[in-house]
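Reviewing the structure listed below.
The values are calculated or read from the model by the stated rules, or taken from the named source; none is laboratory data. Since we're looking at a predicted model, the values are computed, not measured. For neighbour counting, all protein chains shown are included, and Cβ atoms are generated from backbone atoms with ideal geometry for every residue, glycine included.
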Amino acid sequence: MFQLIVFDLDGTLVDSKRDLANATNTLLVECGAAPLAEDRIGRMVGDGAATLVARAFEASAVARPPDALDRFLAIYAAHLLDHTRPYQDVPEVLAALADRAHLGVLTNKPLESTRRILDGLSLSRYFAPDAVVGGDGPFPRKPDPSGLRHLMARTGAAARETAMVGDSPIDLRTARAAATPLYLARYGFGFDAQRSGELRPNERVIDNFRELLAL
C-alpha cells in the first residue's frame, strides 16, 4: 500500500532508553545533581540532545553549565551501544518491508550517532545512505516536516503513499504536518497514552513492530 515507510529511531527501531538515561545521569552527577529515574528521562527524549539536556537540568533544579551539551554528547558517544538493541522483530520486519517499499529514517538524533547505531546493530543494510536524516543536517528537526518531505521527494512518493512510524507526540505532529498516515508505537518510551486517544482516521497505534507487516 505504501511506496515509502519512514521510521523514527529511538523508541521505534531501537530501545536506547538506558544508554540515554545513563549518559544524562552521568552528566547530572558530575554537576552535583541527583540522578533521575530512567523512565522520566525517557519521556524527555524526542526533541534532540540539546532539549534533553535542558529538560534534565530543569528537572534537577541545578544550574546548567555552558558546556553541558558538549559534555553529554561526549559521554553518550562513548556508550551508544552499551545497552541499545533493536526492538523485537525489527530486523526481520525491515527485511520484509524492504522488498516492497523504500525505507527511511528520520530522527532528531545527530546523524553520526544515528549511523553508528544503525551500523552497530546491523540495521543500516535496510536504508540507503541518503535515506537517513538526522537532527543536525540541512533540515529543521521534527516536528518540522521538511526532512520527511525530502524523503518523499527522493522517492517520488505522495503523502498518501508514505507512512511515518514513530512513538512520540513529535512523530505525530511531524506526520500531520506532512499529511501522511502515522503508525504510533505503544511499546516505545516516548508513547503518550493521552495523545493516542486523539488519533485521526489515518493514524493508528501498534503494539509491536510485527504489525507493520500488514502495511
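Would you check if there is a residue in segment 84-93 being part of a helix (DSSP H, G or I), farther than 18 Å from Ala185 by Cα and either of a type in the set (Ser, Thr, Tyr) or in contact with a helix residue (DSSP H, G or I) (Cβ under 6 Å, 6 or more places away or on another chain) (or both)? No, segment 84-93 contains no residue that is part of a helix (DSSP H, G or I), farther than 18 Å from Ala185 by Cα and either of a type in the set (Ser, Thr, Tyr) or in contact with a helix residue (DSSP H, G or I) (Cβ under 6 Å, 6 or more places away or on another chain) (or both). When Tyr76, Tyr87 are screened for being among the aromatic types (Phe, Trp, Tyr), touching a residue at least 60 places away in the same chain (Cβ under 8 Å) and either buried (at least 19 other Cβ atoms within 10 Å of the Cβ) or in contact with a Leu (Cβ under 9 Å, 6 or more places away or on another chain) (or both), only Tyr87 passes.
Just to check your reading of the model, which residue among Gly190, Gly166 is surrounded by 15 or more Cβ atoms within 10 Å (Cβ to Cβ) and at pLDDT below 95?
Gly190
Looking at this structure, is Arg204 among the charged types (D, E, K, R) and either modelled with pLDDT under 95 or in a strand (DSSP E or B) (or both)? Against the criterion (among the charged types (D, E, K, R) and either modelled with pLDDT under 95 or in a strand (DSSP E or B) (or both)), Arg204 qualifies. Filtering segment 26-54 to residues that are over 26 Å from Asp119 (Cβ atoms) and over 17 Å from the mean Cα position of the chain (by Cα) leaves Leu28, Val29, Glu30, Cys31, Gly32, Ala33, Ala34, Pro35, Leu36, Ala37, Ala54. Considered as a group, the residues in segment 95-130 that are assigned to a loop (DSSP other than H, G, I, E, B) and farther than 28 Å from Ala74 by Cβ include one that is nearest to the chain's Cα centre (by Cα), and that residue is Ala128.
Please work out if Leu94 is closer than 23 Å to Phe209 by Cβ and buried (at least 17 other Cβ atoms within 10 Å of the Cβ). Considered against the rule, which asks whether it is closer than 23 Å to Phe209 by Cβ and buried (at least 17 other Cβ atoms within 10 Å of the Cβ), Leu94 comes out as yes.
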